[in-house]
1. Can you pull the one-decimal nm distance between simple spin-label points at residue 48 and residue 33, each 7 Å off the Cα toward Cβ?
2. Just from its helices, what would the mean residue ellipticity at 222 nm be for the chain, if runs of 4 or more DSSP H residues each count -39500 (n - 2.57) and the sum is divided by every residue, rounded to the nearest 500 deg cm²/dmol?
3. Pairs of alpha-carbon atoms within less than 8 angstrom and 6+ residues apart define the contacts here; what relative contact order does the chain have, in percent?
4. Rounded to the nearest whole Å², what accessible area per residue is found for region 1-135 with the 1.4 Å probe?
5. For residue 169 and residue 150, compute 0.36 nm times the residue count separating them, minus their Cα-Cα distance, and round to one decimal in nm.
6. Whats the longest run of the chain with zero trypsin sites (Lys or Arg not before Pro) that are DSSP loop and have at most 11 other Cβ atoms within 10 Å?
7. Quantify, in whole percent, the carbon and sulfur part of the accessible surface of the chain (1.4 Å probe; protein heavy atoms only).
8. I need the shape label for region 85-184. Rule: rounded when a/c is under 1.5, else prolate if a/b > b/c, else oblate, with a, b, c from the alpha carbon gyration tensor.
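The values are calculated or read from the model by the stated rules, or taken from the named source; none is laboratory data. Computed from a predicted structure; not experimentally measured. We place every Cβ from the backbone using ideal geometry, glycine too, and count neighbours over all the protein chains shown. In case anyone asks, the SASA skips ligands and DNA or RNA and just uses the protein heavy atoms, side chains included. Shrake-Rupley method; radii C 1.70, N 1.55, O 1.52, S 1.80 Å.
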Amino acid sequence: MSIIYGRRVRLRGTERSDLEKFVVWVNDPEVTAGLTLFLPMSSVDEEKWFEGAMQRPQEEKPLTIDMKDGTDWRLIGNSGFFGFDWVVRSAEVGIMIGDKTVWNQGYGSEAMSLLLRHGFKTLNLNRIFLRVYADNKRAIRAYEKVGFVHEGRMRQAVYKQGVYSDLLYMSVLREEWNAMTKEN
Ligand SMILES: CC(C)(COP(=O)(O)OP(=O)(O)OC[C@H]1O[C@@H](n2cnc3c(N)ncnc32)[C@H](O)[C@@H]1OP(=O)(O)O)[C@@H](O)C(=O)NCCC(=O)NCCS
């Protein structure tokens, strides 16, 4: 798989050298508020995650997100597909822009639109879905912007910081993505 380029963002294979930043991000309560991660993670935990991730099938390996920074690329996050069902041609997608200084500047939605293109055009998926906490308004907005449709709500399926909240399911179907991008 070669690097996936967008206008301001690219997705590439995750390197061991990315882990130094990842471990900072996955210990930042503002970042993990939207993630299933909630316990402190050490650099050893992060190494173990990386070693495990490198054993997964190629299409399930994490994709590091870089943003264009002048003529260079700067690491800002991580993403990936998992839970593939090759009969249904469905998979789940996840994303983290760990660098908070670039939130709300369109990088997350651009990365997600690249993931959709990759999922539909390269992996030939028919359905791409995600789960998001109902209180993660920034994420929900970013997903709506690139065409994710709300499809369900699991009530009180999340417990964080002593509070139960709802979990939303959102998805994009191939036919919707084709209509949106006018590509067939
Ligand atoms: C969720 C995430 C990927 C979004 O990336 P991003 O680059 O910040 O998002 P974008 O700038 O592309 O889009 C965010 C949108 O939400 C809007 N937004 C921000 N805060 C909001 C709020 N409280 N209510 C409603 N909309 C909000 C922004 O204005 C923007 O919309 P606009 O372009 O129409 O103005 C990123 O913030 C992130 O990784 N957060 C931490 C980890 C996480 O929560 N991951 C998702 C798990 S499901």
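1. With each label point 7 Å from Cα toward Cβ, the separation is 2.8 nm.
2. On the way: 6 runs with 51 residues, N = 184.
That calculation yields -7500 deg cm²/dmol at 222 nm.
3. Taking the mean separation of contacting Cα pairs over the length of the chain, I get 17 percent.
4. Working: 6850 Å² over 135 residues.
Each residue of region 1-135 exposes 51 Å² on average to a 1.4 Å probe.
5. On the way: separation 19, 0.36 × 19 = 6.84 nm, distance 0.62 nm.
Result: 6.2 nm gained on full extension.
6. Details: sites that count: 7, 182.
Value returned for the longest uninterrupted segment is 8-181.
7. Numbers: 5200 of 10220 Å².
Carbon and sulfur together cover 51 percent of it.
8. Working: a/c = 2.16, a/b = 1.39, b/c = 1.56.
Oblate shape, in that a/c is at least 1.5 and b/c is the bigger or equal ratio.
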